[in-house]
Amino acid sequence: MPSALVLIADGTEEMEFTITYDTLVRAGVKTTSAFIPADASSFIRSISPPVAKGSRGINIMPDTYLDAAECGPDKHDLLVVPGGAIGAATMSSNSTVQKLVQDYIASGKYVGMICAGSLTAKTSKLARQPLTSHPSVRAELEEDFEYSDEPVVVSGNLVTSRGPGTTFPFALTLVELLCGKEKREQVRAPMVFPPGTPF
């Protein structure tokens, strides 16, 4: 069974987190969320991670804390970095996240980034390649990457997307990469997208 790790922090965009997490679960992917504190140096860990307050104020309970020893490519097949300006800033500036992104790519595992989460491609010093993001962070990325306005961009093992409205095709693309086209269609059909939906 494929396994995925979805990152979450205070300020994470709720739709990008929940739609991706839910779609992966529907495909039978063993999915775990890992909490990243905004200030790891002064953060005091408790037994359970705290509730993450999303970008729209919706509280989400993470499954676990981010722990490099338990979150690497030897444990999971996919690492997902959602957006939300504040949450994405926390993730993209976190050295553990940056190292994990590098390790997943080097190990041939998948990394998904959506919205402002794509800034993590830059802070992780990934090679120049096709990429997309939320328009608000385009200027920070277009010099270092081959920037695209496509809803979902697949570049080797890096999958990027634009924002809340592109989360379904993003998540379904991740399902296809992990589980195949047939599983993608099995997951998509019961979602009952309007006729003519192009994904």
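Between PHE193, PHE199, the distinction of being touching a Leu at 6+ places or on another chain (Cβ under 7 Å), closer than 23 Å to GLY28 by Cα, part of a loop (DSSP other than H, G, I, E, B) and in contact (Cβ under 8 Å) with a residue 12 or more places away in the chain belongs to PHE199 only.
On inspection, SER92 does not qualify as modelled with pLDDT under 95 and small (Gly, Ala, Ser).
Of the residues making up the stretch 121-140, those that are over 13 Å from SER161 (Cβ atoms) and not basic (Lys, Arg) are THR123, SER124, LEU126, ALA127, GLN129, SER136, ALA139, GLU140. Would you call SER148 over 26 Å from ASP74 (Cβ atoms), surrounded by 13 or more Cβ atoms within 10 Å (Cβ to Cβ) and not aliphatic (A, V, I, L, M)? In short, yes. Criterion applied to GLU176, GLU143 was being part of a loop (DSSP other than H, G, I, E, B) and on the phi < 0 side of the Ramachandran plot, and the one residue passing it is GLU143. Residues that are under 18 Å from GLU13 (Cα atoms) and in contact (Cβ under 8 Å) with a residue 24 or more places away in the chain do occur in the stretch 123-132. Note on the stretch 151-185: among residues that are aliphatic (A, V, I, L, M) and out of contact with any helix residue (DSSP H, G or I) (no Cβ under 7 Å at 6 or more places or on another chain), the one that is farthest from HIS76 (Cα to Cα) is VAL153.
Residue under question is VAL101, and the condition is that it be assigned to a strand (DSSP E or B) and either of a type in the set (Lys, Arg) or buried (at least 18 other Cβ atoms within 10 Å of the Cβ) (or both); does it hold? When the stated conditions are applied, VAL101 does not pass them.
The values are calculated or read from the model by the stated rules, or taken from the named source; none is laboratory data. Being a predicted model, the structure only gives us computed values, none of them experimental. So basically every Cβ, Gly included, is an ideal-geometry build from the backbone, and we count neighbours across all protein chains shown.
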